[in-house]
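Below: the structure, in structure tokens.
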Amino acid sequence: MLARCSSGALRGVEALPVTVEVDIAPGLPGLRVVGLADAAAQESRERVRGALRNGGLRVPLTRVVVNLAPADLPKAGPGFDLPIALGLLVASQQLAAAEVEGIWSAGELGLDGRLRPIRGVLALALAARRHGARALVVPAANATEAALVEGLPVWGAEHLVEVVALLRDPGRAAAPAAAVPPEPTLAAPDLAEVRGQAHGRRALEIAAAGGHHLLLVGAPGSGKTMLARRLPALLPPLGHQEALEVTQLHSLAGLLGEGAGLRRQRPFRSPHHGCSATALVGGGAVPRPGELSLAHHGVLFLDELAEFRREVLDQLRQPLEEGELWISRAQQRCHFPCRVLLVAATNPCPCGWHGDPSQSCRCGEAQRRRHWGRLSGPLLDRIDLQVVMRRPEAHDLGGAYREPRQQLAPAGEPSVVVAQRVAGARGRMGQRNPAGAANGQLEGPALAAIVNPEPDALALWERAISQRRLSARGAERVLRVARTIADLAGEERVASGAIAEALSYRSFDQAA
Ligand SMILES: Nc1ncnc2c1ncn2[C@@H]1O[C@H](COP(=O)(O)OP(=O)(O)O)[C@@H](O)[C@H]1O
Ligand SMILES: [Mg+2]
């Protein structure tokens, strides 16, 4: 007898429908899985047989063929265990075909029949709803994640036997899993803790408002990492759709905890400079998202930028520009979104002390030039804001501990205050820019159409281009940042003050 069950296979960030066909025919006992299944999916045979036997269910003693259709779509991972087991139960008449009709299922089985959580359940749930599933059955540990998809009944189960009871008598089952409240927002580090560094803080605000990539240059201990970590909290809260996308990507990477709800915080990812291209942009035999996609809608922080291998950084170029990337495999093309705000940090030279008043630099001119040579080029070319940070003076830091508590460098504004200005600027961009894009995403004619500079601002800009011999890209960058500065101030037109400030964030155009 032939039985059919529904499930899904992951391809990139999405899931596609898979029909699990189980055919029981006369012949020698055996179970074969066909249909482009990877090793983990092949091993389903053993887990399913064990789970049935130990769950007190019958294992057919004839020839069984399991076909995962369509045959040209690669199927990876252990998630097909559950639909294969259900198909076997229908084919051997332990369940009625009507009982699994329209039901999607996914989950890994233990030999004892227990259901183990799998990756990518949110993507599966979205696909199930899209294809009109009656309900989705998943391991209990994945139920809250699947329940984020509205309008799709989700049943979580601990054991195969529980699933069988549920399908036989849905009326007796507990209520479908409900979405849990989103994760609580943890207290993010606050901008107020950064003493002094007015220039750096301001650049962070502009980066957040306009979505401009940012480079921080400074000696060790100058607070580059400290500043970068405070960027996500300046960005507007994630919208529902954005939060779903972030949760979906983190689920694919297996980063969602058991019973986790919607991701509410903007991601902050900080890959090590020794990481591989695959770890950074994603990939693998079964493509999974890399750090770049895990930072989607958040911040990707590349600390010690000069230490990253050039060929690894080169892979970032196109995805950074497009906000998405495609990974091609022989059988398929996988899509991953990656709209990130890039913050890069580096020492000014190999020893780290060039330009620092407290210590002298030990590097030769040639070494410094090589250092900048490694940084320049395609990636630096996409960074709108460059900031030099000096190490805070000892008395600036000590102020926090001294009695009476007075600081020589004033405490900075708290993140919430800055975030309000950022939200205001983003609101203005949303109404004015094509498709509501942030200024940082605009270039060429689209940018030219919205800059709206005052005549003397334009004159200052032209003078600066010829004096500093800025490239066309560099010159455009100044306008883009100036537009964001005007938006932060709520100004219709870009004044010369905004151009002057924007020019102060291009200190490395010559050095590089
Ligand atoms: N402006 C500052 N205000 C307060 N503390 C600071 C400041 N700059 C640096 N620090 C202190 O110095 C430490 C090292 O800073 P860090 O951000 O790691 O520097 P970098 O990344 O530039 O090497 C921070 O953890 C913080 O305690
Ligand atoms: Mg650091």
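Some points to look at:
- Those residues of the range 125-135 which are in contact (Cβ under 8 Å) with a residue 12 or more places away in the chain and either farther than 20 Å from Q241 by Cβ or open to solvent by 10 Å² or more (accessible area, probe 1.4 Å) (or both), in sequence order: L126, R129, H131, G132, A133, R134, A135
- When the range 210-228 is filtered for residues that are open to solvent by less than 30 Å² (accessible area, probe 1.4 Å), within 23 Å of the chain's Cα centre (by Cα) and within 16 Å of ligand 2 (Cβ to nearest atom), the ones remaining, listed by number, are L214, L215, L216, K224, L227, A228.
- Some residue of the range 200-209 being at pLDDT 85 or above, more than 24 Å from E242 (Cβ to Cβ), of a type in the set (K, R) and within 16 Å of ligand 2 (Cβ to nearest atom): no
- For the range 1-31, a residue qualifies if it is surrounded by fewer than 20 Cβ atoms within 10 Å (Cβ to Cβ), within 18 Å of P70 (Cβ to Cβ) and not aliphatic (A, V, I, L, M), and the qualifying residues are R4, E14, P17, T19, E21, D23.
- Filtered residue count, the range 321-354, keeping only those that are over 16 Å from D384 (Cβ atoms), among the small types (G, A, S) and part of a strand (DSSP E or B): 1
- Answer residue from the range 222-232, given it is part of a loop (DSSP other than H, G, I, E, B) and over 10 Å from M389 (Cβ atoms) and is farthest from ligand 1 (Cβ to nearest atom) among those: L231
Residues checked against (1) polar (S, T, N, Q); (2) closer than 25 Å to A96 by Cα; (3) assigned by TED's automatic domain parsing to the domain that holds G254:
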{"residue": "A123", "(1), (2), (3)": "no, no, no"}
{"residue": "R129", "(1), (2), (3)": "no, yes, no"}
{"residue": "G132", "(1), (2), (3)": "no, yes, no"}
{"residue": "A135", "(1), (2), (3)": "no, yes, no"}
{"residue": "A141", "(1), (2), (3)": "no, no, no"}
{"residue": "T144", "(1), (2), (3)": "yes, no, no"}
{"residue": "H159", "(1), (2), (3)": "no, yes, no"}
{"residue": "V163", "(1), (2), (3)": "no, yes, no"}
{"residue": "L166", "(1), (2), (3)": "no, yes, no"}
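- Enumerated helices (runs of 4 or more DSSP H) restricted to the range 430-512, each holding at least 2 residues that are in contact with a His (Cβ under 7 Å, 6 or more places away or on another chain) and within 15 Å of H212 (Cα to Cα): 472-488
- Of all residues in the range 183-199 being within 30 Å of Q431 (Cα to Cα) and small (G, A, S), the one that is nearest to ligand 2 (Cβ to nearest atom): A188
- Matching option when the condition is surrounded by fewer than 17 Cβ atoms within 10 Å (Cβ to Cβ), in contact (Cβ under 8 Å) with a residue 12 or more places away in the chain and at negative phi, among P267, P232, P237: P237
The values are calculated or read from the model by the stated rules, or taken from the named source; none is laboratory data. Not measured: the values here are computed from a predicted model. As a convention, Cβ positions derive from the backbone with ideal geometry for all residues, glycine included, and neighbour counts pool all protein chains shown. Please note that ligands, DNA and RNA were not included when accessible areas were found on the heavy atoms of the full protein model with its side chains. Shrake-Rupley method; radii C 1.70, N 1.55, O 1.52, S 1.80 Å.
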